[in-house]
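Q: Here it is, the structure, as structure tokens.
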Amino acid sequence: MVKRRVDGSVDFVSPLPCPYNYGCIPHLLSDDGDPLDAVVLGPRLSRGQRLLVRTVGVVDFLDAGRGDPKVICCDGPFGPRDRAGLELFFSTYAHFKRALHRTRGQLADTRFRGWLLEPAGEARGE
């Protein structure tokens, strides 16, 4: 996964591949001053593609001591497997992000803290 800064330059390349479409909501800012992150489940999208999708939940992520929520979106069904996959991804991603911050001399806490907004409309029985 290539994580880009607001200006489009590369911030870092994660050794952890992202199985989701990872982008942002341009005119809404997070506590870190960057556009609010958005994760779209479904088929791979083109870089820079804009679309309207429904929000199913919000992940609570702490990045270098600051709130960095992730809005989770999809147009299809959202079930327990989707939720578990996101929780595993963000828990693992936090470890890599923490290591990156240490190499940059930043010691503030980085971790996945659960859900700020619980997933709506989870399909049952997956």
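Q: So what is the relative contact order for segment 49-90, in percent, with contacts set as C-alpha pairs under 8 Å and at least six apart?
A: This gives 34 percent for segment 49-90.
Q: At a 10 angstrom cut-off on C-beta neighbours, averaged per residue, how do the peptides 85-97, 58-70 rank from highest to lowest?
A: Sorting 85-97, 58-70 by mean packing, highest first, produces 58-70, 85-97.
Q: Taking only C-alpha pairs under 8 Å that are 6+ residues apart, what is the relative contact order of segment 1-65 in percent?
A: Here the relative contact order equals 21 percent.
Q: Apply the Kirkwood formula to segment 19-117: the hydrodynamic radius equals the inverse of the mean of 1/r over all pairs of different alpha-carbon atoms; give it in Å with one decimal.
A: 14.1
Q: Roughly speaking, what is the centre-to-centre gap between segment 4-26 and segment 32-61 when only Cα atoms are used, to the nearest Å?
A: A separation of 11 Å, based on Cα centres.
Q: Counting Lys and Arg as +1 and Asp and Glu as -1, what is the net charge of the other residues whose Cβ lies under 14 Å from the Cβ of residue 107?
A: Counting the neighbours of residue 107, the net charge comes to +4.
Q: Quick check: residue separation of residue 45 and residue 118 times 0.36 nm, minus the Cα distance between them. What number comes out in nm?
A: Using 0.36 nm per residue and subtracting the Cα-Cα distance, I get 23.8 nm.
Q: In percent, what relative contact order does the chain have, based on Cα pairs under 8 Å that are 6 or more apart in sequence?
A: Rounded, it is 24 percent for the chain.
Q: Whole-Hz Karplus ³J(HN,Hα) for segment 77-83, in order, using 6.51 cos²θ - 1.76 cosθ + 1.60 and θ = phi - 60°, x for Gly and Pro?
A: x, 10, x, x, 5, 4, 4
Q: Please list the non-local residues whose amide H lies under 5 Å from the amide H of residue 57, H modeled 1.01 Å from N, same-chain partners needing a gap of 5 or more.
A: 72, 120
Values in this text are rule-based calculations from the coordinates and carry no lab data. All values reported here derive from a predicted model rather than from experimental measurement. Cβ atoms come from the backbone with ideal geometry, glycine included; neighbour counts cover every protein chain shown.
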